[in-house]
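First the structure, in the form of C-alpha cells, and then the observations on it.
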Amino acid sequence: MKTIPLLLTLMILPLNNMDAQIQPDTLAIVIRTSAGDIHAELYAAKAPVTCYNFLSYTEAVGREGGEFYRTVTLQNQPDKKVLIEVIQGGFNLTHFDTTLIQPIPLERTNVTGLLHKNGTLSMARSQPDSGTTEFFICINDQPSLDFGGNRNPDGQGFAAFGRVTKGMEIVKKIQQSPAEGQSLTPPVKILEILTE
C-alpha cells in the first residue's frame, strides 16, 4: 500500500503558508499514454495548492499510471445548454491508501488568473472544495469553466493549474477515440505520469 512520501506531505499540508513552499514557479511533467506523450507545465506559483496536490500523487503513484476514461465533444452533451470540449482522467489508485485522499480548496480562476484556454490542465470536481485525484485537459478555449462561467450551476468554475506544451495532437486523438456517450471504449491508458 503506497502513501504520500513525507517530503511531499510536508510540502502540501501547510496550505496557510504556501507562499514559502513555492519553488520553482513552474514545473514540467509528462503524461505518457498508450496514444502518445503529453508534455505540460504546472503553474506552482499561481495555483500552489492544486499543483502540489497533483504532484503528491505523481510522486506516490505516477509510475502506476491511470487512464483517460471520459471524452466530452460538441456532439455528446445532449442535456447541456453550455457545451465544452475536454478529456478527463485520473491516477491509478489500486495500490494507494485511499484513506489518505483529502479534498483540496478550490483555487478559483479569478484569484489565480489562470483561465481555461486550449490545452489547460484543470482539476475535476463536483462541489467546490472537492477536487482530489481527477483532472481534465481542455480542447479549445472554455471560458464557461472559469469563475463566473455557467457550465456549473454554482458559478465557481474549476481550478486551472497547468498547460499542455507539447502533444495537443495526442489530446485531440484521445478526444476523438471510440466512445459510448462520454465514456471512452476502451479507456486510454496512462502509462505513467512523471516530472521532467
Quick check on my filter: what residues within region 28-45 are buried (at least 20 other Cβ atoms within 10 Å of the Cβ) and either at pLDDT below 95 or not in a strand (DSSP E or B) (or both)?
ALA44
Residue under question is ARG151, and the condition is that it be of a type in the set (Lys, Arg), surrounded by 15 or more Cβ atoms within 10 Å (Cβ to Cβ) and part of a loop (DSSP other than H, G, I, E, B); does it hold?
yes
Members of region 58-104 that are hydroxyl-bearing (Ser, Thr, Tyr), farther than 18 Å from VAL164 by Cα and in contact with a helix residue (DSSP H, G or I) (Cβ under 9 Å, 6 or more places away or on another chain)
THR73, THR94
Which pairs turn up if I take residues in region 102-118 that are of a type in the set (Val, Ile, Thr) and look for partners that are part of a loop (DSSP other than H, G, I, E, B) and modelled with pLDDT of 95 or more with beta carbon separation below 6 Å, at least 6 apart in sequence or on another chain?
THR109/LEU115; THR109/ASP146; THR109/PHE147; THR109/GLY157; THR112/LYS46; THR112/ALA47
Output yes when any residue across region 54-68 is crowded, with 22+ Cβ neighbours inside 10 Å, in a strand (DSSP E or B) and touching a residue at least 60 places away in the same chain (Cβ under 8 Å), and no when none is.
yes
Has region 123-140 got at least one residue that is within 13 Å of the chain's Cα centre (by Cα), hydroxyl-bearing (Ser, Thr, Tyr) and closer than 19 Å to ALA45 by Cα?
no
Pick out the one residue from SER177, SER144, SER183, SER122 that is under 24 Å from THR99 (Cα atoms) and not β-branched (Val, Ile, Thr).
SER122
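Residues are listed down the side, and each one gets a yes or a no for (1) crowded, with 19+ Cβ neighbours inside 10 Å; (2) at pLDDT 95 or above; (3) of a type in the set (Ser, Thr, Tyr):
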| residue | (1), (2), (3) |
| --- | --- |
| GLY89 | yes, yes, no |
| PHE96 | yes, no, no |
| THR112 | yes, yes, yes |
| SER122 | yes, yes, yes |
| GLN127 | no, yes, no |
| GLY155 | no, yes, no |
| GLY167 | yes, yes, no |
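The values are calculated or read from the model by the stated rules, or taken from the named source; none is laboratory data. What you see is a predicted model; the values in this text were computed from it and never measured. As a convention, Cβ positions derive from the backbone with ideal geometry for all residues, glycine included, and neighbour counts pool all protein chains shown.
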